[in-house]
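Undergrad: Below you will find the structure I want to go over with you.
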């Protein structure tokens, strides 16, 4: 897998220099999952983020009745898990592979390591996460209306 190529195409890493992309790619661990495999469950404590390299995942939320409600489908170069990475809280959704997937996984420890050597790149990642969270909140508000 071309980790730099995957990350450079993701909005999570917009504005990073080539050197910063290579550094964060070196920290990212490839993960392969089968269709139907759950990456994490709603309510689990989380501190990591995933970028989809290949395949599709679905984001699910448990309704008050206990049924799984489809929230989103994410594909190549999209990311998930950012909320728990930022606030160190419990996962707000379940993420399950719709198809066989190749993912890149970064933990908060990986990002701390990156921050020590690439402060500007780290700042850009945080800004990009904030942009995506804002966009997702706007979409949720629009759906609620």
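The values are calculated or read from the model by the stated rules, or taken from the named source; none is laboratory data. Predicted, not measured: the structure shown is a model, and the values here were computed from it. Here Cβ is always computed from backbone atoms with ideal geometry, including for glycine, and neighbour counts include all displayed protein chains.
Undergrad: Would you pick out the residues in region 91-141 that are within 12 Å of the chain's Cα centre (by Cα), touching a residue at least 60 places away in the same chain (Cβ under 8 Å), surrounded by 18 or more Cβ atoms within 10 Å (Cβ to Cβ) and not in a helix (DSSP H, G or I)?
TA: 103, 104, 106
Undergrad: Now for a different question. Residues that are in contact (Cβ under 8 Å) with a residue 40 or more places away in the chain and surrounded by fewer than 17 Cβ atoms within 10 Å (Cβ to Cβ): find the strands (runs of 3 or more DSSP E) completely inside region 1-86 holding 2 or more of those. Don't jump to the end; show me each part of the working.
TA: Values: elements: 29-33, 38-40, 48-54, 57-62, 68-74.
Output list reads 29-33.
Undergrad: Another one. Going by the conditions given, is residue 85 touching a strand residue (DSSP E or B) at 6+ places or on another chain (Cβ under 8 Å) and modelled with pLDDT under 90?
TA: Numbers: touching a strand residue (DSSP E or B) at 6+ places or on another chain (Cβ under 8 Å): yes; modelled with pLDDT under 90: yes.
Yes: the conditions hold for residue 85.
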